[in-house]
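Heads up, the thing below is written out as structure tokens.
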Amino acid sequence: MLEILHHPPDGLLERDASRVHEVLEGPTLIHIAGRKRRPLYVSVLLHGNETTGWETVRALLKRHLGGELPRSLSLFIGNVKAAKENLRSLDGQPDYNRVWSGGHGPEYAMAARVIEEMRALDPVACIDVHNTSGTNPHHACVNLMDPAHLALASRFGHFVVFADKPPTVETRAFGEFCPAVVIECGMPDRPGGVEHALAYLEDALARDGLDQVHLHPGDIDLFHTAAVVEIPEEVSFGFGDGSDFDLLPDLDQLNFNELPAGTILGKVRPNSNARLRVTGSSDRDLYGRYFTVDEGRMVTAVPVMPALISTDARIVRQDCLCYLMERIRVPEDPP
Ligand SMILES: [Zn+2]
């Protein structure tokens, strides 16, 4: 199901994410030659509703149209069909950022093919562009605690998240052979996302020695994902709509804030089964450690910093409610 091209087809750059399907049948890898041969790998639309990546590469390629990119670019355009519907993924499709460590089905084979193709081309780095479905500061995520990965991340901004779960993400697979980073550009269509990502990609294309960098511990605020918070299937919930588990409609305003114990997340109807599933690295349920119900309200039990809270109920069902973060020390760069 993967198509591999060597230049963008006619009309592609004129289309927004919802119309890419008119030109591309499905996931497509486009190798665009530039002055330096080793490519930068950039992926967009792994999640079909996260359109900042596509808008950014459109702008990038238009800007260099008629000239030459400073470095070759291998551009992967992921879930074209979900982008048509402005959805993260379609019902029945696997999540395109959960198919990169093997598995059965066409999407897994497609991802394996991309890895095989790119590994042979020895990319200088892998940058995967995403949006969040709630309000979050722009930040980068890495899956390996490696100075080259952290330094690549630090060029995007000072907030950096280290997440070693889930193991099936694209950047984890690419991390085996090049520095790899996810950039989270806030919500789609919010001002500043495309501009920030574009400046970042331009810098990455122009720069030599992306993998030889000095990381200054003061340059970044590094957090790691201590746990994933999900809402169990059997629990009915909503945002300010009077459900059994009625979360605050503006819950995403808590993202990247270090919250004191007792912070209210929402209301719980008496005798309802409302609870959260909180999974740490051991897969043990940590609900009781982080949350409690106090006079009909779900509150935090300990100081904690949530990130990537989504207030889109469909996305909460497909992915999760949020992650819980802990601040960690930035490793010293070896001399
Ligand atoms: Zn995403």
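Every number here is computed from the coordinates shown, using simple stated rules; none is lab data. Note that the structure is predicted; figures quoted are calculated from it, not measured. Note that each Cβ is placed from the backbone with ideal geometry, even for glycine, and that neighbours are counted across all protein chains shown.
Here the residues Arg284, Arg269, ranked from fewest to most Cβ neighbours within 10 Å of their Cβ, fall in the order Arg284, Arg269. Sorted ascending by nearby beta carbons within 10 Å, beginning with the fewest, Met145, Met325 become Met145, Met325. Under 1.5 on a/c is rounded, so check that first for segment 2-126, then, if it is not, pick prolate when a/b is larger than b/c and oblate when it is not; a ≥ b ≥ c are the square roots of the alpha carbon gyration tensor eigenvalues. Oblate is the answer for segment 2-126, as a/c is 1.5 or above yet b/c matches or exceeds a/b. Straight-line reach from Lys36: taking Cα to Cα under 27 Å and skipping same-chain neighbours fewer than 8 places apart, the lysines in range are Lys62. Here the residues Glu332, Glu3, Glu170, ranked from fewest to most Cβ neighbours within 10 Å of their Cβ, fall in the order Glu332, Glu3, Glu170. Per-residue packing, averaged as other Cβ atoms within 10 Å, sorts the ranges 152-161, 254-263 into the order 152-161, 254-263, beginning with the highest.
Compared with the dominant Cα axis of the chain, that is its longest principal axis, helix 193-206 is turned about 40°. Can you give me the long-range amide H partners of Leu265? Hydrogens built in the peptide plane at 1.01 Å from N, cutoff under 5 Å, separation of 5 or more residues or another chain. The list, which skips near neighbours in sequence, is Met298, Val299, Thr300. Applied to segment 219-230, the Karplus parametrisation 6.51 cos²θ - 1.76 cosθ + 1.60 on θ = phi - 60° returns per-residue 3J(HN,Hα) values of 6, 9, 9, 9, 10, 10, 7, 7, 6, 10, 10, 10 Hz, with x for Gly and Pro. Sequence-distant contacts, meaning Cα pairs under 8 Å at least 6 residues apart, place the relative contact order of the chain at 16 percent.
Amide H contacts for Ala227 (H built 1.01 Å from N in the peptide plane; partners 5 or more residues away or on another chain; cut-off under 5 Å): Leu324. When you filter the GluC sites (Glu not before Pro) in segment 198-254 for DSSP loop state and at most 13 other Cβ atoms inside 10 Å of their Cβ, you are left with Glu233, Glu234.
Charge tally around Ala59: other residues with Cβ under 14 Å, Lys/Arg +1 each, Asp/Glu -1 each, net -1.
Which value does Rg/Rh take for segment 3-215 over its C-alpha atoms, Rh per Kirkwood?
Taking Rg over the Kirkwood Rh, I get 0.92.
Under 5 Å from the amide H of Val124 lie the amide H atoms of Leu40, Tyr41, each residue being 5 or more positions distant or on a separate chain, with H modelled from the backbone and absent for Pro and chain starts. Using alpha carbons only, how many angstrom separate the centre of segment 272-335 from the centre of segment 63-111? Cα centres, segment 272-335 to segment 63-111: 28 Å. Taking Cα atoms only, the orientation of helix 52-63 departs from the longest principal axis of the chain by about 20 degrees. Helical runs assigned H by DSSP (4 residues or longer) give the chain a calculated mean residue ellipticity at 222 nm of -6000 deg cm²/dmol, each run adding -39500 (n - 2.57) before division by the residue total.
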